[in-house]
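Quick notes on the structure that follows.
The values are calculated or read from the model by the stated rules, or taken from the named source; none is laboratory data. On a predicted model such as this, the values are computed, not experimentally measured, just so you know. So basically every Cβ, Gly included, is an ideal-geometry build from the backbone, and we count neighbours across all protein chains shown. All accessible areas refer to the heavy atoms of the entire protein, side chains included, with ligands and DNA or RNA removed. Shrake-Rupley method; radii C 1.70, N 1.55, O 1.52, S 1.80 Å.
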Amino acid sequence: MSRQPINSGWNLRATAGPVPSDFPESVAATVPGTVHTDLLAAGYIPDPYLDTNEYALAWIGESDFEYATTFDAGDEGYERVDLVAEGLDTVATLELNGARVGSTSNQHRSYRFDVRDLLKNSENELRIGFASALAFARAAEDRIGARPYVGNKLPYNAMRKMACNFGWDWGPVLVTAGIWKPIYLHRWSTARLASVVPQVTVAPDGTGHVSLSIDLERTSESEVAVSARVANGSGVDVAATVTSAETHVQIDLDVPDADLWWPLGYGEQALYQLTVTVEDGDTLLDDWQREIGFRTVELRMDPDEFGTSFQFFVNGQYVWIKGANWIPDDCFLPRITDADYAAGVRDAVDAGMNLLRIWGGGIYESDALYSECNRAGIMVWQDFLFACAAYSEEAELWDEVEAEVRENVARLAPHPSLVFWNGSNENIEGYYHWGWKEALGEGVSWGRGYYDDLIPGILAELDPTRSYTPSSPFSPNNYETPRDPHNGSVHSWEVWNRQDYTTYRDDIPRFVAEFGFQGPPNMPTLTDAIHDQPLASDSVGVLSHQKADDGNEKLRVGYEKHLPAPHDFDDWHFATQLNQARAISYGIEHFRSHSPRTAGTVIWQLNDCWPVTSWAAVDGARRRKPLWYALRALNAPRLLTIQPRPDGLALIASNDTASVWHGEFSVMRVSLSGDELARDSITIDVAPRSNATVTLDPSIVRPDDAKSELIVVRSAEARSAYWYFVEDTELALDALDLESTVTVAAGGYTVDIRANAFAKDLVLNADRLDPDAVVDDALITLLPGETHRFTVASTALLETEQLVAHPVLQSVNNLTVPHAVSKGSKA
Ligand code: BMA
């Protein structure tokens with residue numbers, strides 16, 4: 001067996017479409033890659049992510065291209081030589097030495113063609129033509145019937161290509177084409193592993209079980225030895241061999257007393273190597289290796305006093321889900337490196353998360369992302385790729401979906417981090433609540449066949465070890481009420497679209513699989529991408545990097561009840577980032593305080609694919625926004641929050657650890673000038689993995705002067721909790737009055753701050769001075785006399801006074817009490 005990559009000598013030409021007349025005869029191409037990134041590397045197009053370049057480059061998605069290369073292929077005497085394309089984007093026709101090899105129309109599958117008879121011993125020429133995916137989608141829509149979809153007028157639901165490539169409410173329209181995954185010649189004889197699907201379970205007595213379903217492709221019916229082995233490099237080594245002349249082989253392995261894989265915060269992530277080989281005598285014909293882990297995972301959707309639960313259990317243990325939605329990390333998928341995936345997972349781990357949901361408008365994520373999650377203890381929820389649209393069930397689409405689902409379930413099944421499959425994103429909600437049912441009428445398919453029949457059928461065969469829902473949101477008790485907060489999961493979008501974030505408290509949903517609030521990217525990310533003069537929230541570049549319906553207006557309506565109006569663009573930027581963090585904090589503190597009735601939150605969204613104003617916690621240049629720091633605090637193993645309860649304000653101590661939290665809390669009502677007005681102390685044992693609720697004393701909760709007082713709860717083990725009686729629009733804040741000392745320290749700077757007056761939500765935007773600077777914390781509130789040390793990691797030589805000057809150092813005080821307005825800039 002041998003693999004010969006075909007990754008060099010490629011070039012690219014345009015073959016049809018609205019191509020500019022100066023398009024070069026041929027452009028050097030990178031494989032794997034995309035047309036856009038090749039044209040960018042050749043200097044032919046400007047960066048699509050900058051300013052309004054996206055719009056000027058729309059012709060690329062409307063045009064046809066051809067990739068070509070030549071390669072030598074000696075005859076190595078194998079019975080079969082296959083051309084394997086792991087991923088083609090998307091409408092491709094392949095030709096080898098002038099002969100047609102095949103054609104494709106599904107980005108989410110791999111393709112294998114037997115080309116032995118077409119290959120020459122000397123130079124071979126491979127050509128892959130890519131027809132415009134947009135033109136294909138429009139024609140497919142005519143063939144299979146139009147169905148409703150969201151966003152731009154581009155029918156992404158008529159074909160199998162990453163939906164958000166056609167534009168989303170956080171993403172540009174950049175319709176790609178290209179060889180997006182490796183392509184190679186695979187030479188083999190006798191037999192090869194066509195598919196290996198392990199089902200990994202744990203018996204009640206702790207025995208780990210691996211049940212392997214192995215499919216072979218063969219050139220002959222001779223007997224081969226198929227072996228499987230599970231080992232962990234420290235004592236465990238279990239193996240079995242089956243000799244067979246068949247194309248299907250089943251092997252079962254038991255690992256007594258298996259070490260378990262746990263989510264982050266619950267235990268170790270024990271991993272084992274699973275190896276499968278095929279041998280013919282002494283000759284190794286093929287092999288396959290993956291990391292696996294032993295754990296049980298279960299989504300319990302049980303009727304209870306509140307409705308129907310939606311609770312994840314791992315190894316029998318209830319897990320409060322602290323999750324985030326993950327979108328494709330770059331519009332140009334081949335550009336995403338393993339290091340990018342590692343950094344993305346690090347963003348989740350460092351923020352104390354335990355789950356990523358791979359959203360259905362993107363891709364079946366890469367094994368690199370899953371491997372990072374396996375090692376870090378991040379659980380993965382994978383959507384099947386149907387998002388915010390009705391989908392035709394015509395054979396043309398159905399057959400592609402079937403092939404794609406089989407292949408990706410088999411590919412992803414080994415990963416222990418994968419805990420849950422979900423059929424679609426918002427498609428049941430769309431059918432019943434967005435007018436599709438009425439628009440489509442009776443008897444027109446809309447995708448239910450995929451979610452109710454095709455996918456669960458394939459899962460029953462290939463992966464019965466994981467739970468499945470047909471869509472998110474989903475009500476297990478009633479298919480037609482996916483928005484019902486009492487039953488199953490919800491996507492909470494009334495806040496952001498229509499309602500103030502305080503309405504999060506109106507419901508106690510069972511599980512929140514999406515909710516979010518927008519904020520702009522960090523300033524260097526914004527100014528690297530947008531060169532408007534002057535910059536303003538409504539300047540042309542800023543608006544073209546805001547894709548949400550009425551996005552800026554929703555930002556304004558979202559903060560105006562809570563924050564004083566910003567004076568200039570710098571303050572607008574701070575206020576909107578702050579309000580994003582506030583809105584989500586408000587939601588999560590409420591939701592977490594109701595665990596396990598509410599069993600988790602999955603924020604929309606962790607990452608961005610380009611520089612944009614969006615719901616992301618980490619921006620498109622992987623800079624952590626204030627929301628990210630808020631999430632880290634909200635996901636802390638021990639959290640204090642003050643919440644209204646029927647009998648008054650209550651302190652909720654949330655203990656997401658395995659041991660009892662013996663909490664001693666000091667509770668104070670203080671004035672903004674620092675005077676203690678009432679004091680109480682609470683001592684309480686909070687059981688492991690649970691919340692304790694204590695109603696606060698009336699002396700604490702009744703202010704003398706609501707505008708100048710707050711409640712503070714302190715504990716040695718958790719971040720302080722604050723409660724204000726009025727919004728910041730009314731709060732009697734003074735001008736920011738700090739004493740600060742900046743010291744050069746190993747790896748950067750320390751910024752010591754002492755508040756002379758109450759300082760609310762201090763954010764040190766050090767990346768405004770050094771784009772690579774990273775600050776250790778954000779959103780710090782100080783009573784008069786209190787101190788805080790920020791640590792700034794930076795290798796740049798910074799003007800130390802600037803580190804503590806507006807707008808690098810920001811706070812709500814700056815919004816309340818006008819500071820000098822920066823020249824030439826407006827909100
Ligand atoms: C939901 C998601 C995404 C979208 C987000 C914000 O609909 O599933 O489609 O980006 O809300 O609007």
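For segment 551-578, filtered to residues that are open to solvent by 40 Å² or more (accessible area, probe 1.4 Å) and charged (D, E, K, R), the residue that is farthest from S537 (Cα to Cα) is K561. Taken together, the residues in segment 307-344 that are within 16 Å of the ligand (Cβ to nearest atom), open to solvent by 10 Å² or more (accessible area, probe 1.4 Å) and not in a loop (DSSP other than H, G, I, E, B) amount to 0.
Scanning segment 77-98 turns up no residue that is without any contact (Cβ under 8 Å) to a residue 24 or more places away in the chain and in contact with a Leu (Cβ under 9 Å, 6 or more places away or on another chain). The condition of being open to solvent by less than 20 Å² (accessible area, probe 1.4 Å) and of a type in the set (G, A, S) holds for only one of A793, A721, A746, A805, that being A721. Tallying residues that are over 26 Å from V712 (Cα atoms), open to solvent by 20 Å² or more (accessible area, probe 1.4 Å) and without any contact (Cβ under 8 Å) to a residue 60 or more places away in the chain within segment 765-788 yields 2.
For segment 166-178, the count of residues that are of a type outside the set (A, V, I, L, M), touching a Lys or Arg at 6+ places or on another chain (Cβ under 6 Å) and in contact (Cβ under 8 Å) with a residue 24 or more places away in the chain is at least one. Scan segment 1-17 for residues that are loosely packed, with under 12 Cβ neighbours inside 10 Å and outside any strand (DSSP E or B) and jot them down. Within segment 1-17, S8 is the sole residue that qualifies. Which of the residues belonging to segment 119-160 are within 16 Å of the ligand (Cβ to nearest atom) and aromatic (F, W, Y)? Within segment 119-160, Y149, Y156 meet the criteria.
Taking D304, is it open to solvent by 20 Å² or more (accessible area, probe 1.4 Å), without any contact (Cβ under 8 Å) to a residue 60 or more places away in the chain, under 30 Å from D507 (Cα atoms) and more than 16 Å from the ligand (Cβ to nearest atom)? Considered against the rule, which asks whether it is open to solvent by 20 Å² or more (accessible area, probe 1.4 Å), without any contact (Cβ under 8 Å) to a residue 60 or more places away in the chain, under 30 Å from D507 (Cα atoms) and more than 16 Å from the ligand (Cβ to nearest atom), D304 comes out as yes.
Every residue, every condition in (1) in contact with a strand residue (DSSP E or B) (Cβ under 8 Å, 6 or more places away or on another chain); (2) under 28 Å from V409 (Cα atoms); (3) modelled with pLDDT of 95 or more, yes or no:
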{"residue": "D75", "(1), (2), (3)": "no, no, no"}
{"residue": "E79", "(1), (2), (3)": "yes, no, yes"}
{"residue": "E86", "(1), (2), (3)": "yes, yes, yes"}
{"residue": "V101", "(1), (2), (3)": "yes, yes, yes"}
{"residue": "H108", "(1), (2), (3)": "yes, yes, yes"}
{"residue": "E123", "(1), (2), (3)": "yes, no, yes"}
{"residue": "L185", "(1), (2), (3)": "yes, yes, yes"}
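Scanning segment 530-548 for residues that are charged (D, E, K, R) and either within 16 Å of the ligand (Cβ to nearest atom) or over 15 Å from D570 (Cα atoms) (or both) gives a single hit, K547. Mind checking whether some residue in segment 285-300 is polar (S, T, N, Q) and open to solvent by 70 Å² or more (accessible area, probe 1.4 Å)? Among the residues of segment 285-300, at least one is polar (S, T, N, Q) and open to solvent by 70 Å² or more (accessible area, probe 1.4 Å), which makes the answer yes. Filter segment 97-112 for residues that are basic (K, R) and farther than 19 Å from W398 by Cβ and give the result. The answer is R100, R112. Screening N477, N487 for residues that are touching a strand residue (DSSP E or B) at 6+ places or on another chain (Cβ under 6 Å), polar (S, T, N, Q), over 20 Å from V197 (Cβ atoms) and surrounded by fewer than 17 Cβ atoms within 10 Å (Cβ to Cβ) leaves exactly one candidate, N477. Looking at A575, A565, which one is of a type in the set (A, V, I, L, M, F, W, C) and within 20 Å of V495 (Cβ to Cβ)? Unique residue meeting the criteria: A575. Quick check: is even one residue across segment 26-33 in contact with a strand residue (DSSP E or B) (Cβ under 7 Å, 6 or more places away or on another chain), farther than 28 Å from A139 by Cα, aliphatic (A, V, I, L, M) and open to solvent by 40 Å² or more (accessible area, probe 1.4 Å)? Yes, because at least one residue in segment 26-33 is in contact with a strand residue (DSSP E or B) (Cβ under 7 Å, 6 or more places away or on another chain), farther than 28 Å from A139 by Cα, aliphatic (A, V, I, L, M) and open to solvent by 40 Å² or more (accessible area, probe 1.4 Å). If the condition is being open to solvent by less than 90 Å² (accessible area, probe 1.4 Å) and basic (K, R), then segment 672-689 contributes only R689. For first residues located in segment 424-442 and farther than 19 Å from Y156 by Cα, partners that are more than 16 Å from the ligand (Cβ to nearest atom) and lie 6+ apart or on another chain with Cβ distances below 6 Å form the pairs Y432/E480. I'd like to verify a number: residues in segment 296-306 that are closer than 28 Å to G208 by Cα and part of a loop (DSSP other than H, G, I, E, B), how many? Number satisfying all stated conditions: 3.
Test S475 against the criterion of being within 16 Å of the ligand (Cβ to nearest atom) and touching a Gly at 6+ places or on another chain (Cβ under 8 Å), and give yes or no. Taking the combined requirement at face value, the residue does not satisfy it. Within segment 49-95, count every residue that is part of a helix (DSSP H, G or I) and not aliphatic (A, V, I, L, M). Count: 6. Do we have P456 as without any contact (Cβ under 8 Å) to a residue 40 or more places away in the chain and open to solvent by 20 Å² or more (accessible area, probe 1.4 Å) here? Yes, satisfied. Residues that are out of contact with any strand residue (DSSP E or B) (no Cβ under 9 Å at 6 or more places or on another chain) and within 18 Å of K760 (Cβ to Cβ) within segment 617-673 comprise A630, S673, listed in sequence order. Cβ-Cβ contacts under 8 Å between residues 6 or more apart (or on different chains), taken from a first residue in segment 548-562 that is without any contact (Cβ under 8 Å) to a residue 60 or more places away in the chain and more than 23 Å from G151 (Cβ to Cβ) to a second residue that is among the polar types (S, T, N, Q) and assigned to a helix (DSSP H, G or I), are listed as Y559/T576; Y559/N579. Of the strands (runs of 3 or more DSSP E) lying entirely inside segment 596-673, the ones with 1 or more residues being without any contact (Cβ under 8 Å) to a residue 40 or more places away in the chain and more than 16 Å from the ligand (Cβ to nearest atom) are found at 648-655, 661-671.
Within segment 490-500, the set of residues being touching a helix residue (DSSP H, G or I) at 6+ places or on another chain (Cβ under 8 Å) and open to solvent by 10 Å² or more (accessible area, probe 1.4 Å) comprises H491, S492, E494, W496, N497, D500.
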